[in-house]
Structures are given as C-alpha cells and as structure tokens.
Amino acid sequence: MNIQNNTIVHLDMDTFFVSVERRENSGLIGKPVIIGGLSDRGVVASCSYEARRYGVHSAMPMRMALSLCRDAIVIRGDMDLYSKRSREVTDIIADRAPVYEKASIDEHYIDISGMDRFIGSYKWTHELRSSIIRETGLPISFGLSVNKTVSKIATGEAKPNGEKEVPQNLVKPFLNPLSIKKIPGVGEKTCHLLHSMGVFTIHTLSDIPPEMIQNVLGKSGVDIWRKANGIDFNPVIRYSEEKSISTERTFETDTIDIQMLERLLISMVEKIVFKLRKNQKLASVVTVKIRYANYDTHTLQKKIAYTSFDHTLMTTALELFRRLYERRMLIRLIGVKLGGLIGGVQQLDLFDNNEKMIKLYLSMDKIRMRFGSGAIHRASGVERSSKLQVLSSR
C-alpha cells in the first residue's frame with residue numbers, strides 16, 4: 001500500500017489540562033486560565049485561549065504570564081486527574097479504531113485506510129469525535145488527510161474544537177500559504193534561520209532544492225523539506241500499554257541484603273529513566289519483579305500519572321519492592337519495568353514549583369549525553385562493589 005495514499009486521522013484535545021479543569025469546575029469556562037507553578041518561579045504548563053490572547057504561552061515563566069494577564073486564574077494542576085482523563089479518551093478510540101497510536105497525553109493518530117469501502121472516512125471520524133465529546137465532556141479537534149504530517153497541520157487549522165479534511169488533490173494548495181511554523185519539528189531556532197533566508201511560507205520552503213536545505217539544516221533539513229511538500233512515510237504505530245523499557249539483574253550469589261537491593265533498584269531506575277527522557281517518552285506504569293533462590297518469580301505493578309522524573313519513579317519502585325518482598329528468602333534476581341509509554345517531554349510537571357529539581361535533571365542529562373550514562377549517579381543509588389556481583393543484565 002502506498003503510504004502517501006493512506007487515510008490518517010490526527011486527534012488533539014484542545015487545551016487539554018484547562019479543559020479537564022473546566023469539566024470539574026464550570027465556573028472556569030470563558031475565563032483566562034493558566035495551569036502551572038503557583039510561585040513566582042513557576043512556569044506555564046498550559047493556558048486557555050482567553051489567556052493566549054494576552055500573549056501567554058506554555059513554558060513561559062509564571063511571573064511574566066501574570067504580568068501579561070493580571071486577571072488570570074492560576075491552577076497548580078493535577079497530573080493524576082489528567083492521566084485518568086487521557087486514558088478515558090484512549091479507551092474510546094481503542095473501542096472503535098482499527099489501528100491507533102497514542103502520540104502524547106492529549107493526541108492520537110488513527111489509520112483508517114480503506115474505511116471508505118464501508119463508511120465515509122470523514123463521517124466515521126466525525127462520529128468518533130462526537131462520541132469522545134459526549135462521553136468525556138472534553139473538546140477535541142481532528143485533521144484528516146493522506147499522512148501524519150498533513151493531518152497534524154490540519155488539526156492545528158481546525159482548532160479550537162473543529163474538524164478539517166484535506167484530500168490528496170488539495171494537500172499542496174492547503175499547505176502552501178501557511179507559515180513554516182506550522183510544520184511539525186520546526187522550532188524557534190530553525191524558524192529564525194529560515195526567516196533569515198527569506199523563507200516564511202511552506203510554499204517558499206517546498207520550492208527550495210532539498211540539497212540546499214540539507215546544507216543549511218543538516219540531516220533534518222530533508223525531512224523538513226519533505227513535510228513542506230506534504231510527504232511523510234511514517235506509519236501509524238500500533239499503540240499498546242505493554243510498550244515498555246526495562247532492566248533486570250541476576251546475582252551470582254543469592255542475597256538478602258535489603259539495603260543493597262534498594263540501592264540497586266534506585267540505580268536501575270535512574271538509568272532507564274535517563275533513556276526515557278533521551279527518547280522523549282513518559283511512563284505511566286511501574287512494575288517491579290523479584291525471583292527468589294527457589295526460582296519463584298513475583299511481580300507487582302502500579303499505574304501513575306505520566307512522568308519521566310527520577311524521584312517519582314524511584315519512590316514508586318521502592319514502594320512496590322517493599323510490598324512485594326514478604327517472604328524474606330534469598331533473592332536471585334531483581335528487575336524494574338516502565339510501561340504505558342507515550343511521547344512527550346516532561347512538561348507535565350511544570351506545575352511543580354521545584355525549579356531547582358527541573359534544572360538538576362537538565363544538568364545531569366547534559367553530563368550523561370556528553371560523557372555517557374554512567375558519568376553521574378545519585379548517592380543513594382551507588383552500589384558497594386564488595387557486596388554485589390552481577391551475573392547478567394539486560
């Protein structure tokens with residue numbers, strides 16, 4: 001099947017965090033709402049369209065946002081609630097869609113290629129959107145087109161709370177007049193560089209030879225040029241809550257040293273959470289596994305709010321280990337798995353006032369990216385080599 005002739009839906013919840021808060025408190029409807037840290041050092045995680053009219057946007061320092069919009073209602077946010085509402089939307093999509101991908105906490109892609117043989121693609125998508133709005137009370141927009149890129153851009157044009165279909169023969173006329181800022185993956189630096197070249201619209205960018213774009217932007221330049229021409233070969237990847245990242249250790253000598261086991265568990269979580277952030281993923285399920293000396297194997301898992309922060313995932317892993325290890329027998333193996341992965345950077349804890357913690361993670365990751373994942377560790381996760389011998393790791 002030619003992926004350029006597929007039928008792809010992109011669904012995106014409108015100002016998701018704000019919409020969830022308005023569902024809980026209708027008094028917020030129509031008012032400028034900002035979700036973020038309550039202190040002056042906090043940052044904006046999300047904001048309503050009413051607040052955006054004043055120039056407020058995500059990742060803006062809270063102090064600046066409040067100087068722009070003095071009448072804004074500031075809410076710290078509730079990630080457990082947002083994660084719950086996100087799963088409700090995913091469940092509705094999963095019940096109806098043949099193949100879907102959960103791209104982030106508030107957006108999904110669906111491949112409905114061939115649906116026209118049974119029911120019109122637009123009609124099917126419209127009915128799905130209506131069901132989501134009716135069953136969750138949350139606004140959602142969709143774009144419908146030949147691939148993920150065009151559908152995502154179409155969703156942006158459909159917002160707020162709208163629908164837009166771009167058939168194959170109208171892809172170029174639809175894209176051409178739009179700003180290059182509309183292209184997924186074009187950030188501020190790339191946009192500024194292209195503007196300095198006199199490139200402001202997708203049409204202008206699409207007419208530049210791809211070799212020239214690659215010379216200016218590097219390897220990513222060709223991908224951006226393809227998107228400007230409405231070309232995207234990325235398939236919808238079937239979503240599964242089982243999608244995960246894990247690690248486990250088998251000991252050469254069975255052990256009952258609880259302090260050592262907990263230090264090791266912290267170290268294991270720290271390493272795989274770095275991989276999580278490096279791949280721009282968030283986890284919503286933590287699973288801990290132990291195998292006793294007699295080979296009895298036990299696991300315990302817990303669903304949590306989407307996150308990629310060490311301290312949250314470490315606390316959960318230690319809690320599960322302490323609940324799981326009841327028999328006080330020698331342990332042969334210990335493992336941890338982070339599941340329910342979705343795409344997304346850790347914007348989700350931007351309403352955490354602990355700015356120092358966020359800066360600490362950024363600094364630690366920068367060191368690891370430069371010198372390797374083992375370049376820096378938490379003191380609580382440092383193992384005493386004299387007490388631990390690892391037979392295998394994966």
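The values are calculated or read from the model by the stated rules, or taken from the named source; none is laboratory data. All figures in this text were calculated on a predicted structure; none of them were measured in a lab. All Cβ positions, glycine included, derive from the backbone under ideal geometry; neighbour counts span all protein chains shown.
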Task: Matching residues, region 157-209, being farther than 18 Å from Ser220 by Cα, among the hydrophobic types (A, V, I, L, M, F, W, C) and touching a residue at least 24 places away in the same chain (Cβ under 8 Å) - done: Val171, Phe174, Leu175, Leu178
Task: Criterion: closer than 15 Å to Lys243 by Cα, modelled with pLDDT of 75 or more and surrounded by fewer than 13 Cβ atoms within 10 Å (Cβ to Cβ) - qualifying residue of Asn279, Asn294 - done: Asn279
Task: Matching residues, region 23-45, being over 19 Å from Glu107 (Cα atoms), outside any strand (DSSP E or B) and in contact with a helix residue (DSSP H, G or I) (Cβ under 9 Å, 6 or more places away or on another chain) - done: Glu24, Leu28, Ile29, Gly30, Lys31, Pro32, Gly37, Leu38, Ser39, Asp40, Arg41, Gly42
TODO: Could you tell me whether region 146-159 includes any residue that is out of contact with any strand residue (DSSP E or B) (no Cβ under 9 Å at 6 or more places or on another chain), surrounded by fewer than 19 Cβ atoms within 10 Å (Cβ to Cβ) and at pLDDT 95 or above?
DONE: no
- [ ] Assess whether Leu194 counts as being under 18 Å from Ile8 (Cα atoms) and surrounded by 13 or more Cβ atoms within 10 Å (Cβ to Cβ).
- [x] no
TODO: Please tell me if Ile119 is surrounded by fewer than 19 Cβ atoms within 10 Å (Cβ to Cβ), assigned by TED's automatic domain parsing to the domain that holds Glu24 and more than 23 Å from Lys84 (Cα to Cα).
DONE: yes
TODO: Have a look at Thr287, Thr315 and point out the one that is touching a residue at least 40 places away in the same chain (Cβ under 8 Å), on the phi < 0 side of the Ramachandran plot, polar (S, T, N, Q) and surrounded by fewer than 21 Cβ atoms within 10 Å (Cβ to Cβ).
DONE: Thr287
